[in-house]
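The values are calculated or read from the model by the stated rules, or taken from the named source; none is laboratory data. Just so we're clear, the structure is a prediction, and the values are computed from it rather than from any experiment. So basically every Cβ, Gly included, is an ideal-geometry build from the backbone, and we count neighbours across all protein chains shown. Please note that ligands, DNA and RNA were not included when accessible areas were found on the heavy atoms of the full protein model with its side chains. Shrake-Rupley method; radii C 1.70, N 1.55, O 1.52, S 1.80 Å.
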Amino acid sequence: MQIPFSILVVMPAPVKSPKEVKFMHIFRRPHYESEITQFLHQLKTDKPTMEAGQLAGRALLWDKNVDRNALAEYREAGVPQQPYVYRPTPDTLPTSPSRVNP
């Protein structure tokens, strides 16, 4: 039996405009919230001042104005470290009078 040619030809689907195309999200679960997310939402509703306290704590430790001149002076004043700090260099070896080189 012969298959008609019209069946073998596959017509392409009409191209949709970008606004009409809906992308499929492989890992998306529509109405899922993890327990951690639920906990954080509940915590924020129970303690509305918590975020302001976190920002105040951050300002104490991290949000500082840096004095660039003082930082540059600090870096210039540094002493280069030896590659291996436990092996003394020849100029730092102790010299004792009892030791005689052959």
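The residues of the range 35-76 expose on average 102 square angstrom of accessible surface per residue, using a 1.4 Å probe on protein heavy atoms.
Order T95, T49 by their accessible area, 1.4 angstrom probe, all chains in place, largest first. Working shown, then result.
Values: T95 130, T49 105 Å².
In descending accessible area the options line up as T95, T49.
Taking only the Cα atoms of the range 26-102, the ratio Rg/Rh comes out at 1.44, with Rh defined as the Kirkwood radius.
Gain in length, L93 to R68, computed as 0.36 nm per residue apart minus the alpha-carbon separation, to one decimal in nm? Intermediate results must be reported in sequence, preceding the final value.
Details: separation 25, 0.36 × 25 = 9.00 nm, distance 3.83 nm.
Here the segment from L93 to R68 would lengthen by 5.2 nm.
Taking all protein chains together, R28, R68, R58 sort by accessible area into R68, R28, R58, largest first [probe 1.4 Å].
To the nearest 10, the accessible area of F39 is 120 Å² with a 1.4 Å probe.
Go through the range 28-94 and name the GluC sites (Glu not before Pro) that are in a DSSP coil and have 11 or fewer other Cβ atoms within 10 Å of their Cβ.
On the way: sites: E33, E35, E51, E73, E76; in loops: E33.
Listed in order of number, the matching sites are E33.
Rolling a 1.4 Å probe over the protein chains gives K64 an accessible area of about 120 Å².
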